[in-house]
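Working notes for the structure below.
The values are calculated or read from the model by the stated rules, or taken from the named source; none is laboratory data. Fair warning: this is a prediction, and the values are worked out from it, not measured in the lab. Here the Cβ positions follow ideal geometry from the backbone for every residue, glycine too, while neighbour counts run over all protein chains shown. Just so you know, the surface numbers come from the protein's heavy atoms only, side chains and all, with ligands and any DNA or RNA stripped out. Shrake-Rupley method; radii C 1.70, N 1.55, O 1.52, S 1.80 Å.
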Amino acid sequence: MITHLKHGRSDGERSQDDVRIRAGVEEILTRIGQEGDAAVRDLSEKFDGYSPTSFRLSESEIAALMNQVSTRDMEDIRFAQDQVRGFAKAQRASMRDIEIETMPGVVLGHKTIPVQSVGCYVPGGKFPMVASAHMSVATASVAGVPRIAAATPPFKGTPNPAVIAAMHLGGAHEIYVLGGIQAVGALALGTETIDPVHMLVGPGNAYVAEAKRQLFGRVGIDLFAGPTETLLIADETVDGELCATDLLGQAEHGYDSPAVLITNSRRLAEDTLLEIDRLLAILPTAETAGRSWADYGQVIVCDTYEEMLAVADDLAFEHVQVMTDRDDWFLEKMTCYGALFLGPRTNVANGDKVIGTNHTLPTRQAGRYTGGLWVGKFLKTHSYQRITSDEAAADIARTCSRLCLLEGFVGHAEQANIRVRRYGGLHVGYGKPAE
């Protein structure tokens, strides 16, 4: 039996939010498409109180901002990027071009080609998301993307030096201090001063996620990476303090960041609820984390591990932290999630900031059909074909001709028949199958 000790907001309430956000985003994107730079500037003034001479930073401005970053912070940024780059390089090495001869004279292959331009959005209005620059910019750089345009909102009215440093060190070719819908809209649609990109990547709030959804098709996107989601799967091998710390540690991302505990221990569930109340009284970010927990937090008690697994796969959360006596069992059995964090020594913050895996992950059950951002998202796999002998050309064409006529495509069949006539030395009448 599955028991909810705490519910979040209802699906109906969340749907109402979605309708409101969808309409607002559509209106803003239409403005950007019609008015270009004028709309972008007006929106930046409205939402961020920021209107510089140019939203794109010059090389000298970047250098001046980087000089404000302390030596220790710069070392930490470089360390984190080394981890992200190292894992991305290993992933890239696993993707190889191939070419095979499937039958004598027939050669098939594929090439992996980088997306030619990418817009990397790095959130930062509430908290300067330094790590998001590593995840998108540095990973795109490893993939070999020739034009990387990065955008981040001003932080307290000015560019954040650490975020700008991370973007620059990650390999960004263009850096814009621009946030929210106006940033992703300008990058995707283009303006008088910003060339459009082929693909948008990076996490963001509900408005940014909805903007990416509406822009998909006009440009590619990595995935729907909206507000952070955290799921703990825990049993009595851990305690309430640890669970409460890990739930609230992610709930502080924003006012709409779901954090859920699934457990087969009612005692652990109740202890966690008590610890959450205690920690909210002392957590400096309690105003954000507490509201997020009140509206989106859940505690679910199950009877069995099998029930815990079923509920977790149904939720398909972005981050899934597993702290049980059978972590490897969950690793083997789980199928729908963004990323797994196995064992009490591991935590989601590691993945967010430094461990090396990418923290841009699917939310809102998108883990049912896609994984997270990785070097492969910046690469396109393109196939090619080559026939190298007359005999192979005629052999393939004869079968092709018959299959085309089976479907009623006479013109298609003639493409094959002319090869039979030219390379096979046989006459095939127009619209007749090759024998």
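The eigenvalues of the Cα gyration tensor, multiplied by 5 and square-rooted, give the range 304-424 an equivalent ellipsoid with semi-axes of 52, 18, 13 Å from largest to smallest. Dipole magnitude for the chain: computed about the Cα centre from +1 point charges on Lys and Arg Cβ and -1 point charges on Asp and Glu Cβ, it is near 1580 debye.
Remark: C-alpha extents of the range 138-236 on the principal axes read 57, 32, 32 Å, sorted largest to smallest.
In the chain, helical runs assigned H by DSSP with n ≥ 4 each contribute -39500 (n - 2.57); averaged across all residues and rounded to the nearest 500, the mean residue ellipticity at 222 nm is -14500 deg cm²/dmol.
Across the range 1-151, the mean sequence separation of Cα contacts (distance under 8 Å, 6 or more residues apart), normalised by length, yields a relative contact order of 16 percent. The heavy atoms of residue 100 present about 90 square angstrom of accessible area, all protein chains included, probe 1.4 Å.
Across the alpha-carbon atoms of the range 116-160, the computed radius of gyration and Dmax are 11.2, 33 angstrom. Relative to one another, the C-alpha centroids of the range 209-286 and the range 123-200 are positioned 26 Å apart. Is the shape of the range 60-113 best called rounded, prolate or oblate, per the rule: a/c under 1.5 gives rounded, else a/b larger than b/c gives prolate, else oblate, with a ≥ b ≥ c the square roots of the Cα gyration tensor eigenvalues? Here the range 60-113 falls in the oblate category. The C-alpha atoms of the chain define a longest principal axis, and helix 161-170 lies at about 30 degrees to it. Farthest towards the positive end of the charge dipole of the chain, among the residues 243, 110, 215, is the Cα of 110, using unit charges on the Cβ of Lys, Arg, Asp and Glu. Name the residue from 342, 157, 331 whose Cα lies farthest towards the positive end of the charge dipole of the chain, charges +1 on Cβ of Lys and Arg and -1 on Cβ of Asp and Glu. Going by the Cα projections, it comes out as 157. Using a Förster distance of 60 angstrom, determine the FRET efficiency expected from the C-beta separation of residue 332 and residue 46, and round it to 0.05. Step by step, r from the Cβ atoms, then E = 0.75. Solvent-accessible area assigned to carbon and sulfur over the chain amounts to 51 percent, based on a 1.4 Å probe. Taking a Cβ cut-off of under 11 Å around residue 117, the surrounding Lys, Arg, Asp and Glu residues balance to a net charge of -1, with basic ones at +1 and acidic ones at -1. Peptide packing: for 131-139, 230-238, the average count of neighbouring Cβ atoms within 10 Å per residue gives the ranking 131-139, 230-238, highest mean first. Put simply, when 185-192, 115-122, 149-156 are sorted by average Cβ atoms within 10 angstrom per residue, most first, you get 115-122, 149-156, 185-192. Projecting the Cα atoms of 225, 410, 80 onto the charge dipole of the chain (Cβ charges, centred on the Cα centre) puts 410 farthest toward the positive pole.
The local environment of residue 385, defined by Cβ-Cβ distances under 15 Å, has a net charge of -1 under the rule Lys, Arg +1 and Asp, Glu -1.
In a reduced charge model with +1 at each Lys and Arg Cβ and -1 at each Asp and Glu Cβ, the range 1-128 shows a dipole moment near 380 debye about its Cα centre.
The angle between the Cα long axis of helix 180-189 and the longest principal axis of the Cα atoms of the chain comes to about 10 degrees, rounded to the nearest 10. Only the Cβ atoms of Lys and Arg (+1) and of Asp and Glu (-1) were treated as charged; on that basis the dipole of the range 322-429 about its Cα centre amounts to roughly 280 debye.
Globularity index of the chain is 1.18 (Cα radius of gyration / 2.2 N^0.38 Å, N = number of residues).
Mean sequence separation of contacting Cα pairs (under 8 Å, at least six apart), scaled by the length of the chain, corresponds to a relative contact order of 18 percent. From the square roots a ≥ b ≥ c of the eigenvalues of the alpha-carbon gyration tensor of the range 1-77, which class results: rounded (a/c under 1.5), prolate (a/b over b/c), or oblate? Since a/c reaches 1.5 but b/c is at least a/b, the shape of the range 1-77 is classed as oblate.
Note that the range 305-368 presents 43 Å² accessible area per residue, ligands and nucleic acids not counted, probe 1.4 Å. Taking the average, over residues, of other Cβ atoms within 10 Å as the packing measure, peptides 174-180, 327-333 rank 174-180, 327-333 from highest down.
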